[in-house]
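Chemist: Before we start, here is the structure in question, set down as structure tokens.
The values are calculated or read from the model by the stated rules, or taken from the named source; none is laboratory data. Values in this document were obtained by computation on a predicted structure and should not be read as measured data. Cβ atoms come from the backbone with ideal geometry, glycine included; neighbour counts cover every protein chain shown.
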Amino acid sequence: MDQAVDATNLANPAGIPLADLSIPGLFMQADIVVKLVIIGLLFASVWVWAIVFEKVTALRRAARAADAFEDRFWSGGSLDELYDAEGAKPTHPMAAVFGAAMGEWRRTLRATGADLAGSMVRDRIDRAMNVTIQREVERLERWMVFLASVGSSATFVGLFGTVWGIMHTFTAISAQHNTSLATVGPGIAEALFATAIGLVAAIPATLAYNALGTNLARFTGRLEGFATEFGAILSRQTEERS
């Protein structure tokens, strides 16, 4: 028993109570500013993962719906029937582009008959599809700015918490006139904990932003390609009616 006590005294000769270096302990012992930084970064990290899950799900759903729609579109069926079934009340981006083009084409021909030049009809249809593509892409890109902001700033926010924690630690050391590792170590660990949380938030946000941005650009290109092909089809049909 005496040997155990002696060993404890050798490890902690100043008799300073050992700090709790577990993650909950580091948080509870941290300065209030560091706590607020950690809470904010944890909230941002949770929100990042929620956005990633929503975006991945939305893109996969939009891609599957586009695949099914293109199969029906290129099957040779009636465009009017397809418009009545899906284009009038679209439930996914590609159907929305198709519906905007067909709706504009119908309105233009109904108003002008065959008197309007084919190039003017094509311009109106292209504008309608471009506006629809922009609107649908903006909807898919919602919260992407948040991912970019977290990815670029979370590390610096965590670093701010670290700097503040270190300042607080050195202030406490100067008040106690004690520079032993048992005194300095816990405060430094608490401060560095903020940087670690910042990295936990920043790294997934940056990776997700890059990956989702690539997938969004690919899907946008797919919508634009469909719009170009469908615009040419409607232009040919307009010329055949004139």
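Chemist: Go through the stretch 220-241 residue by residue and tally those that are more than 16 Å from Phe69 (Cα to Cα) and of a type outside the set (S, T, N, Q).
Modeler: Going through the stretch 220-241 one residue at a time, the tally reaches 9.
Chemist: Further question on the same structure: Can you tell me which residues in the stretch 37-48 are surrounded by 14 or more Cβ atoms within 10 Å (Cβ to Cβ) and either aliphatic (A, V, I, L, M) or closer than 22 Å to Glu141 by Cβ (or both)?
Modeler: Narrowing the stretch 37-48 to residues surrounded by 14 or more Cβ atoms within 10 Å (Cβ to Cβ): 37-38, 40-42, 44-45, 47-48.
Those that are surrounded by 14 or more Cβ atoms within 10 Å (Cβ to Cβ) and either aliphatic (A, V, I, L, M) or closer than 22 Å to Glu141 by Cβ (or both): Val37, Ile38, Leu41, Leu42, Ala44, Ser45, Trp47, Val48.
Chemist: While we're on this one: If Ala68 meets every condition in (1) hydrophobic (A, V, I, L, M, F, W, C); (2) in contact with a Phe, Trp or Tyr (Cβ under 8 Å, 6 or more places away or on another chain); (3) without any contact (Cβ under 8 Å) to a residue 60 or more places away in the chain apart from one, which number is that one?
Modeler: (2)
Per-residue answers, yes or no, for (1) at pLDDT 95 or above; (2) in contact with an Asp or Glu (Cβ under 6 Å, 6 or more places away or on another chain); (3) crowded, with 16+ Cβ neighbours inside 10 Å:
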residue	(1), (2), (3)
Met129	yes, no, yes
Phe146	yes, no, no
Gly158	no, no, yes
Ala172	no, no, no
Thr179	no, no, no
Thr183	no, no, yes
Ile197	no, no, yes
Pro204	yes, no, yes
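Chemist: Would you pick out the residues in the stretch 142-156 that are touching a helix residue (DSSP H, G or I) at 6+ places or on another chain (Cβ under 6 Å) and more than 15 Å from Trp49 (Cβ to Cβ)?
Modeler: Taking the stretch 142-156 and keeping what is touching a helix residue (DSSP H, G or I) at 6+ places or on another chain (Cβ under 6 Å), we get 143, 147-148, 150-151, 154-155.
Answer for the stretch 142-156, where residues must be touching a helix residue (DSSP H, G or I) at 6+ places or on another chain (Cβ under 6 Å) and more than 15 Å from Trp49 (Cβ to Cβ): Ala148, Thr155.
Chemist: A further question follows. How many residues are closer than 18 Å to Ala232 by Cβ and without any contact (Cβ under 8 Å) to a residue 40 or more places away in the chain if we restrict to the stretch 81-101?
Modeler: Going through the stretch 81-101 one residue at a time, the tally reaches 5.
Chemist: Moving to a separate point now. Quickly run through the stretch 80-103 and pick out the residues that are of a type in the set (D, E, K, R) and in a helix (DSSP H, G or I). Walk me through how you get there before you give the answer.
Modeler: First pass over the stretch 80-103, keeping only residues of a type in the set (D, E, K, R): 80-81, 84, 86, 89.
Selection gives Asp80, Glu81, Asp84, Glu86.
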